[in-house]
Structure formats: C-alpha cells, structure tokens
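Novice: Structure below; questions to follow.
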Amino acid sequence: MLIYSSNQPPQQTYLKRFPVPRNFKMDQHSRIGHGRIWPAPRPAEKIKKLEVYRYEPDTSTNPRIDTYEIDLGSCGPMVLDALVKIKNEIDPTLTFRRSCREGICGSCAMNIDGMNWLACTRFLSETADPATIYPLNNLPVIKDLVPDLTHLYAQYHSVEPWLQTTTPDPDCERTQSPRDRQKLEGYYECILCFCCTSGCPSHWWNGDRFLGPAALLQAWRWLADSRDESTGKRLDELEDPFRLYRCHTILNCTRTCPKGLNPGKAIAEIKNLIIQRNG
Ligand code: SF4
Ligand code: SF4
Ligand code: FES
C-alpha cells in the first residue's frame, strides 16, 4: 500500500509486543537498567505509560528505561506528541529527532513496541500499555532516541543517488513520458527514515558490506529512471556477493516501512535486471 498523503496513515495490524532483547548476552556495561518513574500530575483524565530508552553518553552510567506517565487529556494523539509533551513539561533532557511531524522528513523514526516506525504517524491509541520506545535497532546511539546514521548515509551515498547522463545536455530539461514516470511510483516516495535497514536481519550481521534495503531501494529508483544513462555502471557496482546478494528476501524491510513502500521488491528488481544483463 502506498501512502499518498500525510493524512492517510497506514492501517496495519501490529505485533503488540515483539520481544525486544534487553539484556540478552549483553556485557555488563551495555545492560539496560531500570530508570526513574515520572508520575503524571494529578488529577489526570486518562493516564498512559511510556517506557523510554535513555542513554546519556556524558555520564558513565548504563542505559536505562525511564517510565513516563502522560495525561492523555492534555496530549495530542501521536507518539511524537507524547514525546514532545515529556520534553516540554516533564523532562527536558529527553532527546529525540523530529521536524515535520507529518511523516515527510523521516527524522522521528524509532522503535515503538518492538517495531520501527515514525513517532509522528503512530497513534498512541495503537500502542501497548505501557508503550516501549527505543531508538532504531542495531545502530550506535548518540543519546536517548537518537541513532548515529553516519554509516547508513555513507551507504546511501555509495549508490550515487543522482541522475547520471552521458549524452549531451538537451536545450530544455530531460523529459520523461507519463508511462516511464509511473515506473518510479513506490520508490521516489522514500523519505530515508532507515526503519527498513535498521530492521533488516542481514544488515544486522553484514551491515559493513551489505548496503541494506534503504540504499538498495534508492539504487533501484535510479536504475528505473528512464532518463538515467548509467545503468551498466550502477549494476557493476551492485553485482557483489555482499552489497546486493546478502538480501535473503526475509522482507522485514517491507513490513516495517512506514511509507508503505516495498524495498524487498526493489531489491528483487535489481537482481532481475542483473540476470537479464548476464543473459
Ligand atoms: S528482504 Fe532483504 S533487505 Fe529486506 S529485510 Fe530481508 S534481507 Fe533485509
Ligand atoms: S524504504 Fe521505507 S523504511 Fe526504508 S528508508 Fe525508505 S521510507 Fe524509510
Ligand atoms: S517528524 Fe518528520 S517524519 Fe516524523
């Protein structure tokens, strides 16, 4: 399902409590401890609890889970509204990224109840009680809910996500038929939130060399563009046992994409194109 506008949240059935491994085989310094409980001021209309991952790099303390009680009577409907309320009214030290608050910028991606999603497009009413809020999994944490995306952006950059041409520039812009433009549907909408790459088991184990679903979906977006003239070079770069073929079609990426895109299909399209090229 494609999401065409920000007022069209995806309707899916969520696994309410996917088991997030908290301390399984973690070394002593990485173990997540119990943090503080922040009760909602009374009287409160309806209380919702959020268990939020906290990590403060400037201290030597382990990560912890703080529990915040929110009065839903004075809070907006989304998970991001609750986080903003916590930061504004309860605990200003809580750190997270956000910008557009309507599913466009991709910055509020985090792990909510065990599933990567955008905090601004996830209704509080759809979350468990208590809801669990962690940073995107399998990424270094800078602070609290802010992961370090440096490596993922480097992988994105490596697919050279821009139009490449070899023929002389025309007098006007390079045009595209509606039919060719249609081929970009389902790919150009990617907002680079990295929910998919963070949720990809192959990327967990081989993320140093496997490009992951977000970068590969972007690679396909340019391969599918009728105006691009670097198909051969792009496929040469991708045809590699790790960069592309570490995708085992597990499809966690497609399941977790908050924009309803299908990175697994994009990866399959690249593999098909390579098969066609190699005869
Ligand atoms: S389909 Fe491929 S990219 Fe997507 S989660 Fe599975 S292994 Fe990762
Ligand atoms: S494909 Fe979906 S989950 Fe992956 S980066 Fe793009 S929008 Fe995010
Ligand atoms: S704040 Fe931009 S996608 Fe959530």
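Derivation of every value follows stated rules applied to the coordinates shown; laboratory data play no part. For clarity, every value in this text was computed on a predicted model and none was experimentally measured. FYI the Cβ positions are ideal-geometry reconstructions off the backbone, even for glycines, and counts take in every protein chain you see.
Novice: Whole-Hz Karplus ³J(HN,Hα) for the stretch 167-176, in order, using 6.51 cos²θ - 1.76 cosθ + 1.60 and θ = phi - 60°, x for Gly and Pro?
Specialist: 6, x, 4, x, 5, 10, 5, 6, 8, 8
Novice: Nearest-5 percent of antiparallel DSSP beta bridges in the stretch 28-147?
Specialist: 70
Novice: What whole number of Å gives the distance from the Cα centroid of the stretch 217-279 to the Cα centroid of the stretch 61-126?
Specialist: Cα centroid of the stretch 61-126 versus Cα centroid of the stretch 217-279: 32 Å apart.
Novice: Can I ask one more? Using a 10 Å cut-off around each Cβ, can you sort Asp171, Asp129, Asp71, Asp113 from fewest to most neighbouring Cβ atoms?
Specialist: Arranged by neighbour count, lowest to highest, Asp171, Asp129, Asp71, Asp113 become Asp171, Asp129, Asp71, Asp113.
Novice: By the scheme Lys and Arg +1, Asp and Glu -1, what is the net charge of all other residues having a beta-carbon under 9 Å from that of Arg234?
Specialist: Neighbourhood net charge equals -3.
Novice: Please order Ile250, Ile112, Ile133, Ile104 by the number of other Cβ within 10 Å, starting at the fewest.
Specialist: Result, fewest neighbours first: Ile250, Ile104, Ile112, Ile133.
Novice: For the stretch 170-221, what's the relative contact order in percent, using C-alpha pairs closer than 8 Å and at least 6 residues apart?
Specialist: 37
Novice: Okay, next question. With N set to the residue count of the chain, report its C-alpha Rg divided by 2.2 N^0.38 Å to two decimal places.
Specialist: Compactness ratio reported: 1.12.
Novice: Shape verdict for the stretch 166-231, please, from the Cα gyration tensor: rounded (a/c under 1.5), prolate (a/b greater than b/c) or oblate.
Specialist: Prolate, since a/c reaches 1.5 and a/b exceeds b/c.
Novice: Still on this structure, I have one more. Over the Cα atoms of the stretch 28-147, what Rg and Dmax result, in angstrom?
Specialist: Final numbers for Rg and Dmax: 13.6, 40 Å.
Novice: Now, a different point. Under 8 Å for C-alpha pairs, at least 6 residues apart: give me the relative contact order for the chain, rounded to a whole percent.
Specialist: It rounds to 17 percent for the chain.
Novice: Related question: What cysteines in the chain have no other cysteine with a beta carbon less than 4.7 Å from their beta carbon?
Specialist: Taking the Cβ cut-off of 4.7 Å, the unpaired cysteines of the chain are Cys75, Cys108, Cys120, Cys172, Cys190, Cys193, Cys195, Cys200, Cys247, Cys257.
Novice: Looking at the chain, how many pairs of lysines come closer than 20 Å at the Cα, when each pair is eight or more places apart or spans two chains?
Specialist: 15
Novice: Classify the stretch 157-279 from the C-alpha gyration tensor, please: rounded if a/c falls under 1.5, else prolate or oblate depending on whether a/b exceeds b/c.
Specialist: Because a/c hits 1.5 or more and a/b exceeds b/c, the stretch 157-279 counts as prolate.
Novice: Something else: How do 194-202, 29-37, 208-216 rank on mean C-beta neighbours within 10 Å, highest first?
Specialist: 194-202, 208-216, 29-37
Novice: Tally the DSSP beta bridges in the chain and give the antiparallel ones as a percent, rounded to 5.
Specialist: 70
Novice: Next question, about the same structure. Provide, for q = 0.17, 0.19, 0.25 Å⁻¹, the log10 of I(q)/I(0) from a solvent-free Debye sum over equal Cα point scatterers in the stretch 141-201.
Specialist: -0.83, -0.94, -1.22
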